[in-house]
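Take a look at the structure below.
The values are calculated or read from the model by the stated rules, or taken from the named source; none is laboratory data. No experiment lies behind these values; they were computed from the predicted model shown. Neighbour counts run over all protein chains shown; Cβ positions are idealised from the backbone, glycine included. Please note that ligands, DNA and RNA were not included when accessible areas were found on the heavy atoms of the full protein model with its side chains. Shrake-Rupley method; radii C 1.70, N 1.55, O 1.52, S 1.80 Å.
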Amino acid sequence: GFNVRPTPKAKDLADQEKVEIRKYNIIYKCVEEIQQAMEGMLSPDTKEETTGTAEVRNTFKVPKVGVIAGCYVTEGFIKRTCSVNLIRDGVVIFTGKISSLKRFKDDAKEVKDGFECGIGLENWHDIQVGDQIEAFEIIEVKRTLGKTLVEEQEEAAKKAASSEDASE
């Protein structure tokens with residue numbers, strides 16, 4: 001209720017029906033609380049964020065393990081927990097998980113750009129020299145009742161385009 005207090009009879013009925021009664025002095029608090037409750041019901045948007053890229057320089061066949069890609073991290077970093085896209089000639093031919101990430105003979109949690117590493121892919125052995133391995137993480141973005149993620153991206157793209165036009 002807004003600037004209203006429930007009668008004892010109304011309180012009893014609310015308790016009996018298990019209904020929560022909320023009291024507000026400021027209407028904006030009521031509207032804000034309803035909006036937050038509705039946003040809480042929305043499922044989050046997910047987006048793929050690239051963390052790094054590695055170039056396959058050599059491949060090694062290891063018994064009982066499969067093919068390991070000898071890589072050089074060219075950009076960002078590769079984490080053992082990341083998902084990866086295997087890219088050949090600009091086309092994604094495999095998307096999956098890293099089964100092993102090694103630096104020299106030691107297991108590594110993360111390899112940064114400028115370093116070499118060995119990457120094994122889960123359930124995939126067709127790796128060739130020259131392939132690119134793109135590591136990415138899936139990030140959940142909380143949705144709001146305002147603009148959708150797609151609308152925000154379109155707006156950001158328009159701003160970027162207009163700032164490029166202004167600099168020319």
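Suppose all protein chains stay in the model; what accessible area per residue would a 1.4 Å probe give for the chain, in Å²?
72 Å²
Would you kindly derive the ³J(HN,Hα) couplings of segment 65-75 from the backbone phi angles with the Karplus curve 6.51 cos²θ - 1.76 cosθ + 1.60 (θ = phi - 60°), listing them in order in whole Hz, with x for Gly and Pro?
10, x, 9, 10, 8, x, 10, 10, 6, 8, 7
In the calculated pair distance distribution of the chain, what percentage of Cα-Cα distances lie above 20 Å? If you can, show how the numbers build up before the last one.
On the way: 9425 of 14028 pairs.
For the chain, the share of Cα pairs beyond 20 Å comes to 67 percent.
Kindly write out, for segment 116-130 in residue order, the coupling ³J(HN,Hα) from the Karplus curve 6.51 cos²θ - 1.76 cosθ + 1.60 (θ = phi - 60°), rounded to whole Hz, with x marking Gly and Pro.
9, 7, x, 10, x, 9, 5, 6, 8, 10, 8, 10, 10, 4, x
For 83, 99, give the ranking by accessible area with the largest first, probe 1.4 Å.
99, 83
Roughly how many nanometres apart are two label points built 7 Å out from the Cα toward the Cβ at residue 7 and residue 129?
So the two model labels end up 8.9 nm from each other.
Run the 1.4 Å probe and let me know the accessible area of residue 112, rounded to the nearest 10 Å².
110 Å²
Quick one: angle between helix 8-17 and the longest Cα principal axis of the chain, in degrees between 0 and 90, rounded to 10, please.
Orientation of helix 8-17: about 40 degrees from the principal axis.
Enter the angle in degrees (range 0 to 90, nearest 10) between the Cα long axis of helix 27-41 and the first principal axis of the Cα atoms of the chain, meaning the one along which they spread out most.
Compared with the principal axis, the helix lies near 40 degrees.
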